[in-house]
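Here the structure is laid out as structure tokens; the discussion comes afterwards.
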Amino acid sequence: MFSNASNFVNGVDSAFLIITGISVFFLVALTAAMIYFVVKYNRKKGKPAVQIKDNSLLEITWIVIPMLLVLYMFYIGWEGFLPMREVPKDAIEITAVGSMWKYEFIYPGNKSSDTLMVPLNKAVKVNLASKDVLHGFSVPGFRIKEDMVPQKNNYSWFTAGELGDFDVYCTVYCGVSHSYMNSIIRVVTPADYDKWLKALPVKKADNSLGLKVLEKNGCIACHTLDGTKSVGPTFKGLHGATIDVTTAGANRKLTVDDAYLESSITDPNKDIVTGYPPGVMKSYKGIIKDKDIKLINEYLKTLK
Amino acid sequence: MSNSTEKIEYVSYLDYQGKYKGFLSWIMATDHKRIGLLYMYSIMTFFFIGAFFGLLMKIEMLSPGETIMKPQTYNGVFTLHGILMIFMVVIPGLSAVFGNFFLPILIGAKDVAFPKLNRFSWWIFIVGSIMAVASQLLKDGPPDTGWTFYAPYSSQTGTNVIMATAAAFVLGFSSILTGLNFIVTIHQMRAPGMRFFNMPLFPWALYATAWIQLLATPIIGITLLMLIAERMFQIGFFDPALGGDPLLFQHLFWIYSHPAVYVMMLPAMGVITEIIPTFCQRQIYGYKAVAISSLAIAGVGFLVWGHHMYTSGMSDQARWFFSLLTFIVAVPSAIKVFNWITTMYNGSIDVKPPFLYALAFIFLFIIGGTTGLLLGSVATNVQVHDTSFVVAHFHYIIFGGMGFAFFAAIHYWLPKMYGRMYNFKIANIALVINFIGFNLLYFPQFIIGVEGMPRRYFDYPAQFQPMQVISSIGGFILVAGLILMVFNLVKGAKSGPVAPSNPWNGSTLEWTLPATPSLENFDEEPVIKENPYDYK
Amino acid sequence: MANNTTHTIEYRTLSKILLVLLFLTFVTIGVTSFHLGPFTVTVALLIAGLKSFLVLSNFMHLKYESLLLRILVAMVFVLFVVIVLITFIDYAYR
Amino acid sequence: MSEKAIHVEEHRDDEASKLGMWLFIFTELLLFGGLFLVYSIFRAQYPTEFHQSSLELSVTIGAINTVVLLFSSMTVAMALTAIQKNDQKRALIFIGITLFCAAAFLFNKYFEWGHKIEHGLYPGSDLMPLLDRGHLLYFSLYFFMTGLHALHIIIGMTLLIVCYFKVKSKNINDHDYVLLENGALYWHLVDLIWIFLFPLMYLIS
């Protein structure tokens, strides 16, 4: 608590402490009162119950006092939050793009990396975007969190006050590898930041139409392009390969061709590649059009 | 036993069979008491299935990485745990079980207003439940969206989301019909002399609850229909790829689901309000304040849904508006707590299991409620939203609050429902185990939540492991306590000593009836007291 | 018969109400074919509100029902409007 | 055990049934309320697109349907008046007219939908994804809202058909007409929703 990791820690943590303090006070006082009453007025002591009339003054008191307390708590909560929406004009703008299940951070000059490198003591505005479903951008050490919503421009900002690495988690459930969607914010000195950014290569654009179709329909979330195993089989080297599949409960071998790929898109549960669970992929029948399936096939042929 | 009129002979509702015999005499019953018990058996069954899934998750959380299941399985497990516990256990929970059984009795009525509709509600509850379970078994695999069904993930995943949402829709219909029945019952069926302001407070709580069920549930109904249409016909209201707005789904979802929290909590508060005066032999302190605070909670509770969405990218104006209202809704709950505790002052307190459960409820509810303040405050929400802090918070409210109130209610009313008594000593031991297990299970999650552990994580960084292990151990202790408690209750209901008609010296109407009430409850017009909590 | 508490409305009254409703329908169509800008929706909704009031109070007998029921109906409409307005606190300031 | 003790009386309470029906109407209103909320938000975001799309609909057909529904709402109210006056014959005629109007409404709707579907304007068609978001949302809302409304018309018709036969068999009479009253209330609800749907879908400019 009360570190200097970001400019918000102080506001959030003091709100946290005050509200927790009031809460603990009430918890202890009310529990103590309960226990005291249970002991003092226990039936075993043989005293009969005394019926007591309602006292409006007392009741009004315990309406007004909690009311004032909650209004106060609301106020400090709001005070702690307000700076999070007031981005300084000179902030460095970085765009964070979430997709199943990784972050990509895009710096000025179309350079990108998968960890967020930021300079010490400089305001950084992070524009949040998502390619497919909702994701979260949560940095517990900085006390910031904002969701990444597709086609909506959310943002968050901070000024890092300490050198070091800080965890970034995805906090909005986004599918099978949700818990593996994380990254790191690395706070470095401004000089190191400039050096690093300069060395970062400019992002290459792959303009294949087939890839566009795959990206648009979220295929790459489960099928990698680089040969690593994910939720579904990788696309690399898939076209033309011989694979083991389960068709209606029976194992068989087949060679991947255009017809197989088309049936895998329109009826994914027909032939399940051995080693993968059935039912994970939905049918894209009617969603990906025939001409787009052709584009996918053309693209997959290039992925050797 | 009242035998004042010679023509009417007393037959316990448990023995009366009518047109149908045996099993059919239960599922065809229109008697509100039998329907209450039907709900109780089905809900307890679902509760233990849900608890089993909870336990599976706790075993998975014992160590980082894969422990006993794959990520996709884990996602299915927490989704089913949520759907089961929310839609099939806690939302019907108290109002369908104890509301059905005791609402007509407490207001001096023979039955609810529409007994056949009541039976129909249970039937569709069962249909919805079967659909929810079926969604797990169908060929596309269990839904993996979480019980919140957030779009656009829910409109894109390949799993059985349609079946699960249709189940929630049907269950919502059951909830609406129960609420409708209760409102009409309270308006039309009160015994002569029973006005709104000498009605016991459990019916008051049920009345407020019923309004929420009636008015909020249609919104989730239409939302789920839109989600189904989105998946079946590509009518894109929520999926941005089809032109929709995912935040709109969250708004609509929480317009229902936040008030739904009060569908769970208000009857729980109502039960506690019945139990505390009985065991203190003192009239409830501030009757009117408690009654009206139920309505106030229901009313303001409708307008605070946005506090589930502070980090979703809502406008800043909406953020402070929802935060302010959220804090205000805390006040009527606080009033209730103060009134309960003041009722103990100068009473003659009989420490029996139902009362102990009520005390445990108050303690856990204060923790659940005050951590709710941390979530309602915008600044601290940013830190703890969507972390295991939230998980701990709502388990303290739903399980520690509604769950413990449910247990308190069973221990309180079991002699009236079965005419027999359970063993007090075992009940107390079970309570202590439950209380310790519960706090061990959920309190550590507050701590790692503050440190940033996100919710719905299959895998987690190693620094959170010690607390996860403590939490899992608590889970096992809690389940052990629950099994002991249920064992004791079942044994008591089946073969416990025969209970007197008024074992706790209660003053409300149910205690004027024989140990198990007859079919139409009141064989003669009940005498309505000016003050329902008048202990002599 | 104590059960039959519903007020009987004469045919003549019902037909008069229908005429008013039809008139209002044509007024809406007429008004919206002019270009009143943002007021068009307001006017259309006001007329629709008036029409629904007539249907509720006459065709649905609300005029002759208990005060409680009338309050409840009003409450439902108010609740809906409040929910819409609150949702717009978010959308209007995005 | 005497018969009397175990005989469950059919408690008849028309006030309760009517209150129950009203409460059910509340839930229906809020069900559509959710949709109107969605409508108002999307409309506020895409006013021009909504306007342009609404021009695709025929105001004439919409207006005819409005008149038909308003008229049927009156006849069903008259059916109730007839029953209250113990005029069975007229009651049957009025319910018949109402059912005829309902069928006419659906017939009209069928052609309207058919016309749109012919032009490829329906959810899931090849044309729909090519529209921009505002138009797409408008037509999605159009089909969803009028579809759900048509479903309610069918439910209301079923209820009224039941009432028709009960009036015929004198199960609904001047002493016990709460079922017809509730059926009529439901029918007015269908009308009520259309009163708002019509200007919002057909007339916005």
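The values are calculated or read from the model by the stated rules, or taken from the named source; none is laboratory data. Every value quoted in this text rests on a predicted model; they were computed, and no experiment measured them. Heads up, the Cβs are rebuilt from the backbone with ideal geometry, glycines too, and the neighbour counts pull from every protein chain shown. The protein model used for the area step is the full one, side chains on, heavy atoms only, and it has no ligands, DNA or RNA in it. Shrake-Rupley method; radii C 1.70, N 1.55, O 1.52, S 1.80 Å.
Obtain the radius of gyration and the Kirkwood radius of the range B:315-395 from its C-alpha atoms and give Rg over Rh.
Rg/Rh for the range B:315-395 comes to 1.10.
Compute the distance from the alpha-carbon center of the range B:182-242 to that of the range A:160-191, in whole Å.
Using only Cα atoms to place each centre, the spacing works out to 41 Å.
What's the percent breakdown of Cα-Cα distances in the range C:6-79 across 5 Å bins, shortest bin first?
Result returned by the calculation: 3, 14, 21, 19, 16, 15, 8, 3, 1.
Report ³J(HN,Hα) in whole Hz for each residue of the range D:90-98, in order, from the Karplus equation J = 6.51 cos²θ - 1.76 cosθ + 1.60 where θ = phi - 60°; Gly and Pro get x.
4, 4, 4, 4, 5, 5, x, 4, 4
What accessible area, summed over both chains, is buried at the A-B interface (1.4 Å probe, Å², nearest 100)?
7300 Å²
Evaluate 2.2 N^0.38 Å with N set to the residue count of the range A:9-85, then give the Cα radius of gyration divided by it.
1.63
As a quick test, which of the pairs A:122/A:152; D:89/D:168; A:102/A:282; A:253/B:139; A:131/A:203 have an alpha carbon distance above 19 angstrom in this structure?
A:122/A:152; A:102/A:282; A:253/B:139, as the Cα separations exceed 19 Å there.
Given Cα pairs under 8 Å that are at least 6 residues apart, what percent is the relative contact order of chain B?
18 percent
Quick one: helix D:133-168 against the long Cα principal axis of chain D, what's the angle to the nearest 10°, folded into 0 to 90?
20 degrees
Over the range B:361-516, what is the relative contact order in percent, taking alpha-carbon pairs closer than 8 angstrom and at least six residues apart?
32 percent
Could you tell me which residue out of C:83, C:56, B:450 lies farthest along the dipole of the protein assembly as shown toward its positive end? Charges go on the beta carbon: Lys and Arg +1, Asp and Glu -1, centred on the Cα centre.
With unit charges placed on the Cβ atoms, the residue in question is B:450.
Where in chain A are the DSSP H helices whose alpha-carbon span along the long axis reaches 27 Å or more and whose Kyte-Doolittle mean is at least 1.6?
TM-like helix candidates: A:9-40.
Which of the listed residues, D:156, D:104, D:84, is farthest toward the dipole's positive end in the range D:37-203, when Lys, Arg count +1 and Asp, Glu count -1 at the beta-carbon?
Among D:156, D:104, D:84, the one farthest towards the positive end of the dipole of the range D:37-203 is D:84.
Just from its helices, what would the mean residue ellipticity at 222 nm be for the protein assembly as shown, if runs of 4 or more DSSP H residues each count -39500 (n - 2.57) and the sum is divided by every residue, rounded to the nearest 500 deg cm²/dmol?
Helix contribution divided over all residues of the protein assembly as shown: -20000 deg cm²/dmol.
Taking the Cα centre of the range D:37-203 as origin, work out the dipole magnitude from +1 charges on Lys and Arg Cβ and -1 charges on Asp and Glu Cβ, in debye rounded to 20.
Computed charge dipole of the range D:37-203: roughly 500 debye.
How long are the semi-axes of the equivalent ellipsoid of the range B:81-209, defined as square roots of 5 times the Cα gyration tensor eigenvalues? Whole Å, largest first.
Sorted largest first and rounded, they come to 36, 13, 10 Å.
Over 27 Å apart: what share of the alpha carbon pairs of the range B:341-487 falls there, rounded to a whole percent?
31 percent
Sort A:174, A:222 from largest to smallest accessible area, using a 1.4 Å probe on the heavy atoms of the protein chains.
Accessible-area ranking of A:174, A:222, largest first: A:222, A:174.
Using a 1.4 Å probe, what is the accessible area per residue for the range C:9-60, in Å²?
51 Å²
To the nearest 20 debye, what charge dipole does chain B have about its Cα centre, counting +1 at the Cβ of each Lys and Arg and -1 at the Cβ of each Asp and Glu?
Computed charge dipole of chain B: roughly 760 debye.
Could you tell me how far the Cα centroid of the range B:20-60 sits from the Cα centroid of the range A:1-71, in Å?
37 Å
Got a number for the accessible area of residue B:486? Probe 1.4 Å, square angstrom, nearest 10.
Its heavy atoms expose roughly 40 Å² to the probe.
For chain B, find the longest principal axis of its Cα atoms and tell me its angle to the long axis of helix B:201-233, 0 to 90°, nearest 10.
Taking the Cα atoms of chain B, the angle to B:201-233 is about 30 degrees.
By accessible area of protein heavy atoms, probe 1.4 Å, what ranking do A:281, B:189, A:73 get, highest first?
Result, largest first: A:281, B:189, A:73.
Two decimals is fine: what's Rg over Rh for the range A:92-199, C-alpha atoms, Kirkwood radius as Rh?
Taking Rg over the Kirkwood Rh, I get 0.95.
Across all directions of projection, what mean area in square nanometres is found for the Cα convex hull of chain A?
Mean projected area for chain A: 26.4 nm², to one decimal.
Please name which of B:422, C:13, A:123 has its Cα lying farthest along the dipole of the protein assembly as shown towards the positive end, using unit charges on Cβ (Lys, Arg +1; Asp, Glu -1) and the Cα centre as origin.
Toward the positive end, the furthest listed residue is B:422.
Would you work out if chain B is rounded, prolate or oblate? Take a ≥ b ≥ c from the square roots of the eigenvalues of the alpha-carbon gyration tensor; rounded if a/c is under 1.5, else prolate when a/b is larger than b/c, oblate otherwise.
Prolate.
What is the Cα coordinate range of the range B:138-297 on the first, second and third principal axes, sorted by size from largest, in whole angstrom?
60, 30, 29
For the Cα atoms of chain B, what angle does the longest principal axis make with the long axis of helix B:32-60, in degrees from 0 to 90, nearest 10?
Taking Cα atoms only, the helix is inclined about 30 degrees.
Kirkwood hydrodynamic radius for the range A:53-102: how many Å is it when counted over pairs of different Cα atoms?
Here the Kirkwood hydrodynamic radius works out to 15.4 Å.
Between residue B:460 and residues 5 or more places away or on another chain, which pairs have amide H atoms under 5 Å apart, with H built 1.01 Å from N, and which residues are they?
For residue B:460, the qualifying residues are B:65.
Could you compute how much accessible area chains B and C hide from each other, both sides summed, with a 1.4 Å probe? Nearest 100 Å² is fine.
In total, chains B and C hide about 1400 Å² from solvent.
Per Stokes-Einstein, at 20 °C and 1.002 mPa s, what whole-number D in µm² s⁻¹ belongs to the range A:166-304, with the Kirkwood radius over Cα pairs as the hydrodynamic radius?
123 µm²/s
DSSP loop (so not H, G, I, E, B), at most 11 other Cβ within 10 Å: list which chymotrypsin sites (Phe, Trp or Tyr not before Pro) in the range A:172-274 pass both filters.
Taking the range A:172-274 and a limit of 11 other Cβ atoms within 10 Å, no loop chymotrypsin sites (Phe, Trp or Tyr not before Pro) are found.
Using a simple charge model, +1 on the beta-carbon of Lys and Arg, -1 on the beta-carbon of Asp and Glu, nothing else, what dipole does the protein assembly as shown show about its Cα centre, in debye to the nearest 20?
1160 debye
Largest first, please: the extent of the C-alpha atoms of the protein assembly as shown along each principal axis, to the nearest Å.
Ordered largest first, the protein assembly as shown gives principal extents of 98, 78, 64 Å.
Once fully extended, how much extra length lies between residue D:85 and residue D:161, figured as 0.36 nm per residue of separation less the alpha-carbon to alpha-carbon distance?
Using 0.36 nm per residue and subtracting the Cα-Cα distance, I get 25.3 nm.
How big is the C-alpha Rg of chain D next to the rule-of-thumb value 2.2 N^0.38 Å, as a ratio?
Relative to the 2.2 N^0.38 Å estimate, chain D comes out at 1.25.
Once phi is turned into ³J(HN,Hα) by the Karplus curve 6.51 cos²θ - 1.76 cosθ + 1.60 with θ = phi - 60°, what whole-Hz value does each residue of the range A:154-161 show in order, with x for glycine and proline?
8, 8, 8, 8, 6, 10, 6, x
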